[in-house]
Structures are given as C-alpha cells and as structure tokens.
1. Write out, first by first residue and then by second, each pair whose Cβ atoms fall under 8 Å of each other, whose residues are 6+ apart or on separate chains, and whose first residue, in segment 186-209, is on the phi > 0 side of the Ramachandran plot and assigned by TED's automatic domain parsing to the domain that holds P239 while the second is small (G, A, S) and part of a loop (DSSP other than H, G, I, E, B).
2. Cβ-Cβ below 9 Å, separation at least six or inter-chain, first residue in segment 408-424 and under 19 Å from P496 (Cβ atoms), second hydroxyl-bearing (S, T, Y) and at pLDDT 85 or above: which pairs?
3. Checking the structure you have, find out if any residue of segment 348-368 is modelled with pLDDT under 85, touching a Gly at 6+ places or on another chain (Cβ under 7 Å) and over 20 Å from V492 (Cα atoms).
4. Of the residues that sit in segment 354-409 and are in a loop (DSSP other than H, G, I, E, B) and of a type in the set (G, A, S), which one is nearest to the chain's Cα centre (by Cα)?
5. Can you find even one residue in segment 255-270 that is at pLDDT below 75 and either closer than 30 Å to A135 by Cα or outside any helix (DSSP H, G or I) (or both)?
6. If we only count helices (runs of 4 or more DSSP H) wholly inside segment 1-118, which ones have 1 or more residues that are surrounded by fewer than 17 Cβ atoms within 10 Å (Cβ to Cβ) and at pLDDT below 75?
7. Taking the residues in segment 177-215 that are of a type in the set (F, W, Y) and at pLDDT 85 or above as candidates, determine which candidate is nearest to A247 (Cα to Cα).
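The values are calculated or read from the model by the stated rules, or taken from the named source; none is laboratory data. Predicted, not measured: the structure shown is a model, and the values here were computed from it. Positions of Cβ are backbone-derived with ideal geometry, glycine not excepted, and every protein chain shown enters the neighbour counts.
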Amino acid sequence: MRWGFRHSWQRYALSLVLVAATSLVGIFVHRYFSPINLVMFYLLDVVVVAAYLGRGPAILTSIVGVLVFDFFFVPPSLTLAVADAEYLITFLALFVVGLVVSSLVAQVRGQAEAARRREAETAALYALSRDLAVAGEFEAIVEAIIAHVGQTFERRVTILLPTGVTTNALSAYPQDREWMMDEREMEAAVQVFRSGAPAGRGTCVQPEAQAHYLPLRTARGIVGVLGVRPEQSGSYLAPGERLLLEAFASQSALAIERAQLARAAHQVDLLQATERLQTALLNSISHDLRTPLVTITGTLSVLEGDEPLLDASTRHAMVQAALEEAERLNRLVENLLDMSRIEAGALRVTRQPCDVEDVVGSALERFGQRLEDRSVSIVIPDGLPLIPLDFVLIVQVLVNVIDNALKYSPAGTPIEIDVGEVDAEVQIRVADRGVGIPPEGMAHIFDKFYRVQRPDNVTGTGLGLSIARGVVEAHGGRIWAENRPGGGITMVVALPEAGPGSEHVG
C-alpha cells in the first residue's frame, strides 16, 4: 500500500516529518536508553516509510536518520563529530540496513501492486467474458464490449465493422454524436482492417488520429476494428494497458465472430425453411391443382368428341363433376391469393355492422350439394347484436372452417354450428364428429401447409385454417380448436362486438 499524494515532494516531506518526530521523542527518552537502542527507532522509520511512501523517501529517511542520530545523540552532542569510532559502524549499519529494508519493502510492495493489477485485469476480463457469453443478440454483444472497455480504460469506445465485401466501407457502432468518424479517423481504421496492425494515437501509423485502433482478429481473419479515444488529449495508454486492451480485443473478436456466425446460420435456416415451404407449396399445388384440371379437361374432351353418344343423365353427371372440380380449383386459388395478401399486408378489412345469421347462411350456400349427405344443425339465439366485420372475409373464414370439418369427418356424420355471446364476443362454434386432432398437432393446425395425417387421402394445400386465423386476428378476434368428448373437434371463431371501421392487415 502506498499513500497517494498529488506531488512526489509531499512523500519526501512527510518522511522528514517522521524523522523529526522520532528525534523529538528520542530527546525526551534518551536518558533512559543507550544510543544504540535509539537507533532502532530510526530503523523503524525506514521500514514504515519504505512500506507506505516508497523507496526514495526511505533512502532519504535512512540518510537523515543517521545524521540526526549523530547530531543529537552521539557524543559530543549537537555536532557531527564522533568521539567513539564504534559509532561509525553503527552509522554504516543503520544506513545499509535502511537501504536493504527499503529495497526489500519496495520490491514486496511492487509485487503486491502487480498482483492487485493482475487481479483487477483478470476480474475485468472475466466480467467481459461473462456478459459476452449471456449476450445472444449482435447488438447486445456490441453494447457489452463498448461498456466494459470504456469503463476499464476510462475512454470513449467505438467498434467498426465491415458493411460489405470490401475493406473500404466500415460502419461505426454506436453512432456517437461526440465522436465523428472524419476522413482521418476512418483512414486509420481502414488501415488497421487491411494490415491487421494497430494504428492511430500512440503508434507510428497514422499517429495524428485522435483514437487508438486495434484489429479484432480471430483464426478466420479480421472481423472488425476496436477504437478507443481518451477524454484528454495528453493521455496515452501505458504498456500494461495496451496488453490488457489487446486481451479485450481478442475476447471481443471471438464474440463478434460468434454472433456473425449465428446470424449467418439463422439466415441459412430461414433459407432452408423457405425452400421447404416452397417445395411443400409446389408439391401441394402440383397435386391439388392438377387433379381438378385433369377432371375438367377430361370432361370437356368427352363432351366435345362423344356428346352424341351420351345420354342426358351421363352428360349432367359429367358436367356436375366438372363444376365441382372447378369450384374446388377456385377455392384453392382463392386461398393462395388470400395468404399472399395477408403476408404482404395488402388485405384490406372493411368493417360494417352485419348479422351473424346472414354470415352463417352465406357460408353454407357456398357448399351446395356437398352438404346433401350431411345433417347440419344451426343454433343461433335471438337478440344477437350486429357485429362490425368484413362480411366477405368472415364468410370465407367460415367456409374454410366448415370445409375442414367436412374433409376430416366421415360422410354422413353431422356438422353442428352454434353461435353464442360470451364476454363481449360473439363466438361461432363449428363442431364435427371426426377423429379429432392428436396432441402434438394441436399447436400446428393453424400453421401454413400443415395437415393432420389421415389414413385416407385428404386433399388441400393446408392454407385454409392459416388464412382463417389471419383474417380473424385482423378483426381483433381469436380462433382456436378443441377436441370433443366422443370424437371430433370444435373450431371456435370469436369476434369482438365492437371494433374500428377500416384497416389493413399487418
């Protein structure tokens, strides 16, 4: 430990004050002690000064202590003359012991200060590593680096990263208004990024720059540049501080590289997911669109070539089949277009007060003969309020929900539609008696292109319920599915009783 003083002369002055105080005490007690014993007091002064004030003041204490001891306590008193030559050995021993003790104490103190400095550096590096380890986002990593380097070195910090494939374009983080990256500073940073050697303040390369720039180097190359600028123009980094800053730069480079690799991996995952979706879409379209087209094309070909040989009932059946396939094709195309508009935020929702009974009736009319072998029960209580909604879009939602119930329930089983008012919402419940939804599929039934696996062949693109969710949420409502006791599922469409007049999805 060393007492801190603004000026070094204060430490020397305090050492002289300590010698004077010891001499004053010695004047009062010398009659009780022999002069040789009084030497121990001055030797104690040397040890104390060496421990707390430094090596220089300790040497001064040793010299002045010898002179004061000779002047006051060695006969003849009040003179530097020595009557007994043995005292010369005492003086020499006091001086040599003082030098040795001051040197040893100074060495121990230096080692202790070095140990404390290493401990502080290790703690700073550990704190940086800990915060970088828990920072997942790229911005959080950059923020942690800037905060730790700035706090440790008491300097402004910036990180410059390449913005493209060239080394001439570097982007600074953060955009510090007080630290403008002018042409001189940017030239120094680019020089570091190209050469991989430090540049700027305190170096031989671009020394006129205000900041000291270090490369952020990893095994894969240089990922960026770290810049530190002092608050005062006359402040420079000490050699030990430069080594610590290089360690900080190494840790920071690894963290930035990790974040960049994670971002690249995320982009690859997105591309792969997009490719899988595109593949699923193409496979679905190639199958679900080709089937109705083949039926329609075959029917038209037969009607064109063999119409005279066909009776009226056969022609009617073929035309009816072609119409059903055309309607199915139209629904598929509408679903694709609706999903594109929802994802692009271009689907306009125009709310008008509507009667839920009209919405349900219009949705059922869209199915025509598909409901001939089904028993459809409808329960709509009287006195329901008019609901602000987009009539066409909500009809399409119910069409998709009812179509899903028809496809995933056996022929001849009933479809139940129940409308009720619950907590300022109007809930439309569409229930079937199919096989239900497995637990692992409940969380995915509203995802794009997701279809519950069935042993029989169920056609469709897997977009109907996803579109329904997008439209319902655009109305401020909710949609969910529930497995029914005894088999089947219930789709619930909940719409708020009040809402704004017009808006865009997204």
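1. G200/A209; G200/A211
2. Filtered contacts from segment 408-424: D418/S377; D418/T490.
3. no
4. S409
5. The answer is no; no qualifying residue exists.
6. 8-29, 35-52
7. Y213
Yes/no matrix, rows are residues, columns are (1) on the phi > 0 side of the Ramachandran plot; (2) part of a helix (DSSP H, G or I); (3) touching a residue at least 40 places away in the same chain (Cβ under 8 Å); (4) buried (at least 17 other Cβ atoms within 10 Å of the Cβ):
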{"residue": "L226", "(1), (2), (3), (4)": "no, no, yes, yes"}
{"residue": "R229", "(1), (2), (3), (4)": "no, no, yes, yes"}
{"residue": "G240", "(1), (2), (3), (4)": "no, yes, yes, no"}
{"residue": "E246", "(1), (2), (3), (4)": "no, yes, no, no"}
{"residue": "A253", "(1), (2), (3), (4)": "no, yes, no, yes"}
